[in-house]
1. What do the square roots of 5 times the Cα gyration tensor eigenvalues come to for region 47-113, in whole Å, largest first, as semi-axes of the equivalent ellipsoid?
2. Give the dimensionless ratio obtained when the Cα radius of gyration of region 2-165 is divided by 2.2 N^0.38 Å.
3. Once you have the Cα-Cα distance between residue 85 and residue 41, take 0.36 nm times their residue separation minus that, and quote the gain in nm to one decimal.
4. Using mean Cβ contacts within 10 Å as the protection proxy, how do 128-135, 72-79, 151-158 order, highest first?
5. Using a 10 Å cut-off around each Cβ, can you sort 48, 136 from fewest to most neighbouring Cβ atoms?
6. Ranking 35, 81 by Cβ neighbours within 10 Å, fewest first, what do you get?
Amino acid sequence: MTRVWLKKTAAPILSSFVSAPETIAGLIWLVVALMVGIIAIGRYAFNTGWPGVEESAMILFLWGLFLGAAAAVRKGSHIRMTYLFNKLSSVQKNVLLLFIDCSFLAYGALLLWSGLELTIFAWKIKTGVLLISRSTSYSALAVCGALIVIYSLSRISHTFYSFRRDRQGRSPSERGETYTG
């Protein structure tokens, strides 16, 4: 009964929670594109500017950038030399992926720490036009740093699980398994 409930109810909820940053980042980029279009049309067609729209676009740009980075870590969409990677043995591939994920974990922790410091520091500083706290921008670093830490830990645990489970030296991709975070 519990296993059926987990598969039918909890799994879709968790899946949508995990993919939420990617969806939110996509929506943010759509809004930023519209805002930049409005700014351009306002400046060149009507000879007027909307500073509030420009400031909002800059804040949303930061959020879209860092949420997109967190989503890329979840999917494992990092830059690597695929040709050289494919020449490695399955054990070497897993070791390299483990190193990459540990590097992302360290980067996420640094981003989280720095983002928290900047958010606390800028709490009382107001923006020029909207008069909202500058921490609205800097909190994107902390939130996305936390997401990168969570996703990296998930990928590291998956790599360790595949090491333990696979005693034949084959990588999960060679066994036909896929992992997206």
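Just so it is clear, none of the values below were taken in a lab; they were calculated from the coordinates. Being a predicted model, the structure only gives us computed values, none of them experimental. Reconstructed Cβ throughout: ideal geometry from the backbone, glycine too, with neighbour counts over all protein chains shown.
1. Equivalent ellipsoid of region 47-113: 37, 14, 7 Å, largest first.
2. My calculation over the Cα atoms of region 2-165 gives 1.32.
3. In short, 11.2 nm is gained.
4. My ranking of the peptides, most packed first, is 151-158, 72-79, 128-135.
5. Ranked by crowding around the Cβ, least crowded first: 48, 136.
6. Exposure proxy ranking, most exposed first: 81, 35.
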